[in-house]
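These notes concern the structure reproduced below.
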Amino acid sequence: MYDSDQTYRAFLRTIIQMDPTKFYETEDIKCDPTDPKVSPETIDEYNYDQDAVAKYLDALYSNTKSRPEFQRLYLAAAALMFSENPEIGLAVLMSYDYLAYFYNIYTNYLKNPDSWSADDDAFYQKLIDRIEAK
């Protein structure tokens, strides 16, 4: 899936369907991708579509929040950040260290939500073991 920061960000942009023309900006922070002084890595880091991310995460959480298996993941991941907020856990699961597992779990779940079982999902078992071991 990915093996570097750059390929992780490309994978994340793909699954979230980010608009490649959007860049993260605040009043104080701007990134002009046409500025020759701005490195390709900086441009890659700022190529971030906040609206698409919010829409994707909201839909993902809405689809899974009532499932105890996903709540277990969210709470275990949140605990890594000294939190009990499952939405913080979701953000952790979207991070470099966990996204490859979590994305597979979510796509397996979406194939057939009514019959999906964490017990039968090898990615779920690997991820929950990895998080709860910390």
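Relative to the longest principal axis of the chain, what angle (0 to 90°, nearest 10) does the C-alpha long axis of helix 68-79 take?
Tilt relative to the chain: about 50 degrees.
Report the calculated FRET efficiency for residue 110 and residue 130 (r = Cβ-Cβ distance, R0 = 22 Å), to the nearest 0.05.
0.50
Among 109, 7, 62, which residue has its Cα positioned farthest towards the positive end of the charge dipole of the chain, with +1 placed on the Cβ of Lys and Arg, -1 on the Cβ of Asp and Glu, and the dipole taken about the Cα centre?
Of the candidates, 109 comes out farthest on the positive side.
Find, among the GluC sites (Glu not before Pro) in the range 52-93, those assigned to loop by DSSP (not H, G, I, E, B) with at most 14 other beta-carbon atoms within 10 angstrom.
On the way: sites: 69, 84, 87; in loops: 84.
Loop-located and lightly packed - 84.
Quote the charge dipole size of the range 5-132 about the Cα centre in Debye, to the nearest 20; the model charges only the Cβ of Lys and Arg (+1) and of Asp and Glu (-1).
320
Can you give the Rg to Rh ratio of the range 5-132, both from alpha-carbon atoms, with Rh computed by the Kirkwood formula? Present the calculation step by step, with values, prior to reporting the outcome.
Details: Rg = 16.4 Å, Rh = 15.9 Å.
Reported Rg/Rh, Kirkwood definition of Rh: 1.03.
Describe numerically, in nm with one decimal, the distance between label points set 7 Å from Cα along Cα→Cβ at residue 63 and at residue 14.
1.7
At 222 nm, what value in deg cm²/dmol follows for the chain if DSSP H runs of at least 4 each add -39500 (n - 2.57) and the sum is divided by all its residues, to the nearest 500? Mind dumping the intermediate values first?
Working: 7 runs with 78 residues, N = 134.
For the chain, the value works out to -17500 deg cm²/dmol.
By counting other Cβ atoms within 10 Å of each Cβ, how are 93, 12 ranked from fewest to most?
12, 93
If I take R0 = 41 Å and measure r between the Cβ atoms of residue 120 and residue 42 in this structure, what FRET efficiency does the formula 1/(1 + (r/R0)^6) give, to the nearest 0.05?
Working: r = 43 Å, r/R0 = 1.05.
The value I calculate is 0.45.
Every number here is computed from the coordinates shown, using simple stated rules; none is lab data. Because the structure is a prediction, the values reported are computed rather than measured. FYI the Cβ positions are ideal-geometry reconstructions off the backbone, even for glycines, and counts take in every protein chain you see.
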